[in-house]
Structure formats: structure tokens, C-alpha cells
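Below is one structure, written out as C-alpha cells, with a few remarks after it.
The values are calculated or read from the model by the stated rules, or taken from the named source; none is laboratory data. Just so it is clear, the structure is predicted and the values come from calculations on it, not from any experiment. When we count neighbours, we look across all protein chains shown, and the Cβ atoms used for this are built from the backbone with ideal geometry, even at glycine.
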Amino acid sequence: QAQLVESGGGLVQPGGSLRLSCAASRSIFSINTMGWYRQAPGKQRELVAVITSTGRANYAESVKGRFTISRDNAKNTVYLQMNRLKPEDTGIYYCNAAGDDSNYWGQGTQVTVSS
């Protein structure tokens, strides 16, 4: 069955690191662009990072230099390595697969950055 399943969220101190994973079915992972979005309390969902099937990546300015998106095509998995985390990074992180005629979302994983 087609699905996106996120994992790796949790509570971390400011300056710490987390690695999020998104496991996808092969049919969904074959979609050109995979990405991570996040939604903080009281705010709109925003794009964090995207990566194409060829490995080209793009990042929101707020996370550039701290986060790294990657994909393992053999495992049908996309990752988000988050370093030097800040309290404003707190939110629910969603995995996304987008194509010309399709758009899929995972259920989300909570990331909380707090002392």
C-alpha cells in the first residue's frame, strides 16, 4: 500500500541534533521530488528542504547550513539531518512526495527543541 512514514522526532536541547527518516513505498518514492515540511504552533506549514531524484537539494533560508536532506534510493527512504537546532525549529515535521499529478503526505513526527 502507498504510504509515507516519518520517524526520528523527539525532544532535544538547543544546539543538539536529530535525524528524521521517511520510509516510502517504492511507487511513491519514484516521484521526482521528495521533501520535508514543518508546522509550528499557530503558524502555516512551511517548506524546509526538498530533494530531486538526482540528488539536487534546496533549503529554506532559516535552515540553510544547519540541515541536510538526503535520499537512499535502495531503501526508498529520505532523511533530514538537523544540526544546531534552535527553539524556533520546534514543530511537526511532515514528509512529502510531489509530482506533476500527485501529492502525498506522511502523518508527521514531532520535534521539540527546548531546555
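Observations
- Total residues in region 20-45, condition of a type in the set (D, E, K, R) and either under 14 Å from W105 (Cβ atoms) or surrounded by 13 or more Cβ atoms within 10 Å (Cβ to Cβ) (or both): 2
- Residues of region 19-62 classified as outside any strand (DSSP E or B) and either in contact with a helix residue (DSSP H, G or I) (Cβ under 7 Å, 6 or more places away or on another chain) or among the basic types (K, R) (or both), total: 4
- For region 63-113, a residue qualifies if it is touching a strand residue (DSSP E or B) at 6+ places or on another chain (Cβ under 9 Å), assigned to a loop (DSSP other than H, G, I, E, B) and not charged (D, E, K, R), and the qualifying residues are V63, G65, N76, N83, L85, T90, G99, G106, Q107, G108.
- Residues in region 18-37 that are out of contact with any strand residue (DSSP E or B) (no Cβ under 6 Å at 6 or more places or on another chain) and at pLDDT 90 or above: 1 in all.
- Residue check, T90 over 10 Å from the mean Cα position of the chain (by Cα) and either surrounded by fewer than 13 Cβ atoms within 10 Å (Cβ to Cβ) or of a type in the set (D, E, K, R) (or both): no
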